[in-house]
């Protein structure tokens, strides 16, 4: 790929102009990291990737992706991993109803990749001159567009409060019987979205819920609009990094109340126990791909504040074994323990039994490969899923259930996590 720089210091609205420009392409990835100060090991790089062709991946998908990267070790890839890839890793199934149907895995290699360096944007492409002209035209001829009012109808809650409380109590029985230690139980919401402008929704969600792994993905007229605060897994210089989130507290209305809520989260034995269980699970997952003795917990029970919530985040790292392919590093840890529970396989079986809809891409991952040996992937939470052809809108929220969980409190936590999404869609 060739590269060229464009000075954007004279274009204060360059970001909005570029986002509108991307919508002419069939496949689009946009990373807009926010609240990244002091976030361990950084966040997604601010970037835009566009293309009109995607990879032709076939089942088994991880094997197909690995074969492609072996043939094309320098390629950059952008895309997603669906939660239901679990079925090709373990003897599991996904038979629940689905509001939007997603392919299990999708990636594309960009025809044009835009990154940012201070007051410049950098275009990388085999056709740099063409894209330079395109982008300069967009920057110099920016037109203000009126916001389109989205109309949300047919809003459906797939799990009522009473059903949620009953199922949480049943899951607590499984924990009491020693079947599992912890499980991530989720609820599904669906609606019809008329006049939904995906780019406009992404900009609004980033405003309502700024996050270090905020991302936008367009794939075959289906969209993922994400304000994810969580990293699933990263590989750089043969170092594997995973940063599970377990532990949530609402923000306070005053500075003093906010400080107190943060302190309560930090000192909560329940939240620490939740976090520790998943840390142990992640350590075991990373050990499958790492050199003996290299797995270590870099930070335990770190408290990080976001616009809607405080979160407890731990950081686990390891050194990749030379014979393990990078795609297998992901496969060996997928799906992420923070969205399943422990032990992982039994938790996933119970998720299938107790949840009443497919997760699809929810609790899967968006990310990128920077060549064969470097990648970074988020956890698909705090996200909106939209099918342009059917006007279907979908979002899901959940929380970790342990024996000490209070079902009503867990339900309120789910509503808190959905707040920014519902504000973005105009439901609140």
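When you scan the stretch 108-118, do you find a residue that is more than 24 Å from the chain's Cα centre (by Cα) and touching a residue at least 12 places away in the same chain (Cβ under 8 Å), even just one? Yes - at least one qualifying residue is present in the stretch 108-118.
If you take the residues of the stretch 163-219 that are assigned to a loop (DSSP other than H, G, I, E, B) and within 19 Å of the chain's Cα centre (by Cα), which of them is surrounded by the fewest Cβ atoms within 10 Å (Cβ to Cβ)? For the stretch 163-219, the residue satisfying everything is 210. The residues of the stretch 378-401 that are more than 25 Å from residue 273 (Cα to Cα) and within 11 Å of the chain's Cα centre (by Cα), listed by number, are 383, 384.
Among 289, 266, which is the only one that is under 25 Å from residue 90 (Cβ atoms) and either surrounded by 15 or more Cβ atoms within 10 Å (Cβ to Cβ) or touching a helix residue (DSSP H, G or I) at 6+ places or on another chain (Cβ under 6 Å) (or both)?
289
Filtering the stretch 63-93 to residues that are surrounded by 20 or more Cβ atoms within 10 Å (Cβ to Cβ) and either within 30 Å of residue 154 (Cα to Cα) or at pLDDT below 95 (or both) leaves 79, 80, 81, 82, 83, 84, 85. Per the conditions (1) buried (at least 19 other Cβ atoms within 10 Å of the Cβ); (2) within 21 Å of the chain's Cα centre (by Cα); (3) over 30 Å from residue 76 (Cα atoms), the sole criterion not satisfied by residue 339 is (3). Whether any residue in the stretch 250-262 is at pLDDT below 95 and crowded, with 16+ Cβ neighbours inside 10 Å is what I want to check. Yes; the residues of the stretch 250-262 include at least one that is at pLDDT below 95 and crowded, with 16+ Cβ neighbours inside 10 Å. Scanning the stretch 292-327 for residues that are in a strand (DSSP E or B) and free of Cβ contacts under 8 Å to residues at least 12 places away in the same chain gives no hits. Looking across the stretch 377-424, just one residue is at positive phi and buried (at least 24 other Cβ atoms within 10 Å of the Cβ), and that is 382. Just wondering, is there one or more residues in the stretch 135-148 that are touching a residue at least 12 places away in the same chain (Cβ under 8 Å) and exposed (fewer than 10 other Cβ atoms within 10 Å of the Cβ)? Yes, the stretch 135-148 contains at least one residue that is touching a residue at least 12 places away in the same chain (Cβ under 8 Å) and exposed (fewer than 10 other Cβ atoms within 10 Å of the Cβ). Tallying residues that are more than 23 Å from residue 17 (Cα to Cα), surrounded by 16 or more Cβ atoms within 10 Å (Cβ to Cβ) and out of contact with any helix residue (DSSP H, G or I) (no Cβ under 7 Å at 6 or more places or on another chain) within the stretch 42-62 yields 2. Of the residues making up the stretch 269-286, those that are surrounded by fewer than 21 Cβ atoms within 10 Å (Cβ to Cβ) and more than 23 Å from residue 403 (Cα to Cα) number 0. Within the stretch 358-376, the set of residues being surrounded by fewer than 20 Cβ atoms within 10 Å (Cβ to Cβ) and within 20 Å of the chain's Cα centre (by Cα) comprises 370, 374. Counting residues in the stretch 142-156 that are on the phi < 0 side of the Ramachandran plot and in a helix (DSSP H, G or I) gives zero. If you check residue 279 against the conditions, is it in contact (Cβ under 8 Å) with a residue 24 or more places away in the chain and within 30 Å of residue 394 (Cβ to Cβ)? Criteria not met by residue 279.
The values are calculated or read from the model by the stated rules, or taken from the named source; none is laboratory data. This structure is a prediction, so every number in the text was calculated from the model and none was measured. We place every Cβ from the backbone using ideal geometry, glycine too, and count neighbours over all the protein chains shown.
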